[in-house]
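The values are calculated or read from the model by the stated rules, or taken from the named source; none is laboratory data. No experiment lies behind these values; they were computed from the predicted model shown. Neighbour counts are summed over all protein chains in view; Cβ atoms, including those assigned to glycine, are modelled from backbone coordinates with ideal geometry. Heads up: the accessible areas ignore ligands, DNA and RNA and are worked out on the full protein's heavy atoms, side chains in. Shrake-Rupley method; radii C 1.70, N 1.55, O 1.52, S 1.80 Å.
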Amino acid sequence: MKKIKIEIAQAGMGKTVNQDYAVSTENIAVALDGCGSGEHSEVGSSRMGEAIRKNSAKLNEKNFESFANNTLHQFLMEDTSEERFIAEFQFTIVACIETKKDFVVLTAGDGFIITVDKSNNVRYIQLDNDVNVANGEAPGYIAYNLNPSPSRYNSNVYFDKMQFSKSKYSSVYVASDGFRFILDEKFPADERAMIENALIQRDQKTIEMVLKRNQSKILDDISISS
C-alpha cells in the first residue's frame with residue numbers, strides 16, 4: 001500500500017516568515033527548524049529540506065548523517081562568512097527513515113517524536129539535545145561542525161538515533177519544538193484530542209484545520225512530518 005504522506009509546516013502567531021520546513025517522501029520524513037534568532041534561517045532549513053527530498057531514494061539510516069553534513073558544507077562554501085553562517089544555516093533536523101522492519105529516527109537538536117502504536121496509543125517524546133556555546137547552551141545545529149568561529153562554537157554535533165519496530169508501531173511522526181504549544185495545558189483539550197485522533201488516522205487536513213484555527217495559541221513555527 002502506498003504511504004499516506006503527512007507534510008505540514010505552519011508559521012507561528014504573528015510571524016511573517018516560517019523558519020520551519022517539512023519533507024515527506026516514500027522512505028523518509030523530516031522536520032527542520034531554523035534558529036529563531038537567525039535573520040534568514042528559513043534559507044538553510046528549506047534548502048536542506050529540498051536537498052533531502054531530491055536525494056531521498058538514496059538515503060538510509062547509515063548515510064543520512066554524512067549526507068546532511070556534506071550538503072551543508074557545500075552550501076557554506078558558496079560564502080564562508082561568519083555573518084552568513086549565523087544568519088542562514090543554523091537549524092535543527094529530526095528525521096524518520098523507514099526500513100522494512102523499523103522506523104529509525106535521527107535527531108540533531110530539539111523537537112518531538114510522536115509514535116502511534118498498534119493499539120492506537122499516542123506517545124510524545126520531547127527532544128532536548130542542547131550543546132555548549134560561548135554564551136551558554138543552544139540546540140544541536142549541525143552547522144557547528146563547520147563553524148567559522150571555533151572560539152564561539154566549540155562543540156561537535158552528532159545525530160542521536162532511536163528505533164521503533166514496525167511490529168509494535170503503526171506510525172512515527174517527527175515534529176519541530178513548536179509542537180510544545182499543542183501539549184501545553186492552555187491548549188484546548190478537545191482540540192488536542194482532535195489532533196491526536198488525526199495522527200492515528202493519518203488525516204493531514206484535520207491536523208492543518210485545527211492548527212490554523214488555534215494559531216493564536218501557537219507562538220512558534222510548527223512542522224509535522226511522517
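Within segment 190-211, the set of residues being among the basic types (Lys, Arg) and under 22 Å from Val30 (Cβ atoms) comprises Arg202, Lys205.
Which count do you get for residues in segment 77-97 that are of a type in the set (A, V, I, L, M, F, W, C) and either open to solvent by 10 Å² or more (accessible area, probe 1.4 Å) or part of a loop (DSSP other than H, G, I, E, B) (or both)? Of the residues in that region, 4 qualify.
Among the residues of segment 199-213, the one identified as under 19 Å from the mean Cα position of the chain (by Cα), assigned to a helix (DSSP H, G or I) and closer than 14 Å to Asn120 by Cα is Leu199. Taking segment 98-112 as the range and being on the phi < 0 side of the Ramachandran plot and surrounded by 23 or more Cβ atoms within 10 Å (Cβ to Cβ) as the test, the residues that pass are Phe103, Val105, Thr107, Ala108, Phe112. Candidates in segment 172-193 are the residues that are aromatic (Phe, Trp, Tyr) and outside any helix (DSSP H, G or I); of these, the one that is surrounded by the most Cβ atoms within 10 Å (Cβ to Cβ) is Tyr173.
Let's see how each residue does on (1) touching a residue at least 12 places away in the same chain (Cβ under 8 Å); (2) open to solvent by less than 70 Å² (accessible area, probe 1.4 Å); (3) of a type in the set (Asp, Glu); (4) touching a helix residue (DSSP H, G or I) at 6+ places or on another chain (Cβ under 8 Å):
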{"site": "Ile6", "(1), (2), (3), (4)": "yes, yes, no, yes"}
{"site": "Gly12", "(1), (2), (3), (4)": "yes, yes, no, yes"}
{"site": "Thr16", "(1), (2), (3), (4)": "no, no, no, no"}
{"site": "Asp20", "(1), (2), (3), (4)": "yes, yes, yes, yes"}
{"site": "Val23", "(1), (2), (3), (4)": "yes, yes, no, yes"}
{"site": "Ala29", "(1), (2), (3), (4)": "yes, yes, no, no"}
{"site": "Asp33", "(1), (2), (3), (4)": "yes, yes, yes, yes"}
{"site": "Ser37", "(1), (2), (3), (4)": "no, no, no, no"}
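Taking each residue of segment 69-86 that is in contact (Cβ under 8 Å) with a residue 60 or more places away in the chain and looking for partners that are surrounded by 12 or more Cβ atoms within 10 Å (Cβ to Cβ) and of a type in the set (Lys, Arg) with beta-carbon atoms closer than 8 Å, six or more apart or interchain, yields Leu76/Arg84.
A single entry from Lys217, Lys212 fulfils the requirement of being touching a residue at least 60 places away in the same chain (Cβ under 8 Å), touching a Lys or Arg at 6+ places or on another chain (Cβ under 9 Å) and among the basic types (Lys, Arg): Lys217. Using the structure shown, decide if Glu137 is open to solvent by 50 Å² or more (accessible area, probe 1.4 Å) and at pLDDT below 95. In short, yes. Suppose we filter segment 22-64 for residues that are part of a helix (DSSP H, G or I) and within 12 Å of the chain's Cα centre (by Cα); how many remain? Qualifying residue count, segment 22-64: 4. Evaluated against (1) farther than 23 Å from Tyr169 by Cβ; (2) modelled with pLDDT of 90 or more; (3) polar (S, T, N, Q); (4) out of contact with any helix residue (DSSP H, G or I) (no Cβ under 8 Å at 6 or more places or on another chain), Asn60 falls short on exactly one condition, (1). The residue of segment 110-129 that is farthest from the chain's Cα centre (by Cα), among those that are farther than 15 Å from Lys168 by Cα and among the acidic types (Asp, Glu), is Asp128.
Okay, residues lined up against (1) part of a loop (DSSP other than H, G, I, E, B); (2) closer than 23 Å to Ala22 by Cβ; (3) in contact with a Ser or Thr (Cβ under 8 Å, 6 or more places away or on another chain); (4) at pLDDT 95 or above:
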{"position": "Val116", "(1), (2), (3), (4)": "no, yes, yes, yes"}
{"position": "Ser155", "(1), (2), (3), (4)": "yes, no, no, no"}
{"position": "Met162", "(1), (2), (3), (4)": "no, yes, yes, yes"}
{"position": "Ser170", "(1), (2), (3), (4)": "no, yes, no, yes"}
{"position": "Ile195", "(1), (2), (3), (4)": "no, yes, yes, yes"}
